[in-house]
Structures are given as C-alpha cells and as structure tokens.
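Just below is one structure, and these are the notes that go with it.
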Amino acid sequence: MSRFPTLVIAGLLALGGCGQGAKTAGAAEGKYAGLDEAILGWHAAIKSAEAACKAKDGKGCQGFEVACKGEREIAPAEQAKGVSARVVVAMSWEGWDAARAEYRLSSGFAEFNKVNGAWTRADAGPVNLSTCVAA
C-alpha cells in the first residue's frame, strides 16, 4: 500500500499556514477552495514525469511533503484578468538514484494561480522554505 497520498495530505494539513498568509483552514470554501486538490494533482504529475519515480516498478519516489505555501501579491492588472489568488508551494520528496542505489532528496517549486475560479500551475523558482518567499 502506498503512503504517498497520506504524506502529502499530512504535509498539507500540517504546513497549511506556513509562509506569507496562505491559509488552508476552511480551504473547502473561499479564496483557497480547490488548492489542496491542485497540489495533489501536481504530486501526481511529479510521480508520472520524473524518471526517478518510474524506477523500482513505479515506486521510485517516496516521502512527499509540502514544505511551505506562501501567498503572492496580485497586481491590479492581474485582478482585472480574473486572478483572485496566487500561492507559491514548495514540495520535497526522495527519488531513487539507480547509479548510487539509494534514495536522494529532490524538490520542486510551483506557483498556483486561481483564475476565474480554477487553479492553474506553473513552475516557480526556488523559495526560502522558512518564509516561502523567493530565494
């Protein structure tokens, strides 16, 4: 039985308030509704795209954790285009390194934008994991 979804969900719940004010308490409603599902979609995309994750019969990645979430400012021009929320998220996991025959720490950064009620995701640059602000 895979423990990946459990770890991701635990990370989302434990670190939901990390960073610059992005809150997931009550995420089922309001500004951040659907963000947790969008992050779970990113998790699934990582598992299907990363070569390390495809190793070991598709079990080459483990220990997914959301390290931080941080709200980013939305410019008035972006608000006019329907952007109602912007959140940067950092996630870490261990990926199988076949050359070394061991798991190695990996990480990824994404920016989620809520546009007209739907979340979109784009790659983001590294962030400081303590503040979730661009490094």
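So how do V133, V127 rank on accessible area, 1.4 Å probe, biggest first, that is with the largest at the start?
V133, V127
Taking amide H positions as placed 1.01 Å from N in the peptide plane, with prolines and chain starts having none, which residues 5 or more places from L129, or on another chain, fall under 5 Å of its amide H?
Here nothing satisfies the definition.
Go through the stretch 32-127 and name the GluC sites (Glu not before Pro) that are in a DSSP coil and have 13 or fewer other Cβ atoms within 10 Å of their Cβ.
Details: sites: E37, E50, E65, E71, E73, E78, E94, E102, E111; in loops: E50, E73.
Passing sites in the stretch 32-127 are E73.
Using the Karplus equation 6.51 cos²θ - 1.76 cosθ + 1.60 (θ = phi - 60°), what ³J(HN,Hα) coupling, rounded to whole Hz, does each residue of the stretch 34-47 give in order, writing x for Gly and Pro?
x, 5, 4, 5, 5, 5, 4, x, 5, 4, 5, 5, 4, 4
If the label point is 7 Å along Cα→Cβ of T120, which residues in the stretch 66-88 have backbone nitrogen under 18 Å from it?
72-88
For K56, give me every one of the aspartates and glutamates with a C-alpha distance below 16 angstrom, ignoring sequence neighbours fewer than eight places off in its own chain.
Partners found: E94, D97, E102.
May I ask you to list the lysines whose Cα is less than 25 Å away from that of K31, ignoring any residue fewer than eight positions away on the same chain?
K23, K69, K81, K114
The values are calculated or read from the model by the stated rules, or taken from the named source; none is laboratory data. If you're wondering where the values come from, they're calculated on a predicted model, not measured in any experiment. Backbone-built Cβ (ideal geometry, glycine too); neighbour counts: all protein chains shown. The accessibility values were calculated without ligands, DNA or RNA, using every heavy atom of the protein model including side chains. Shrake-Rupley method; radii C 1.70, N 1.55, O 1.52, S 1.80 Å.
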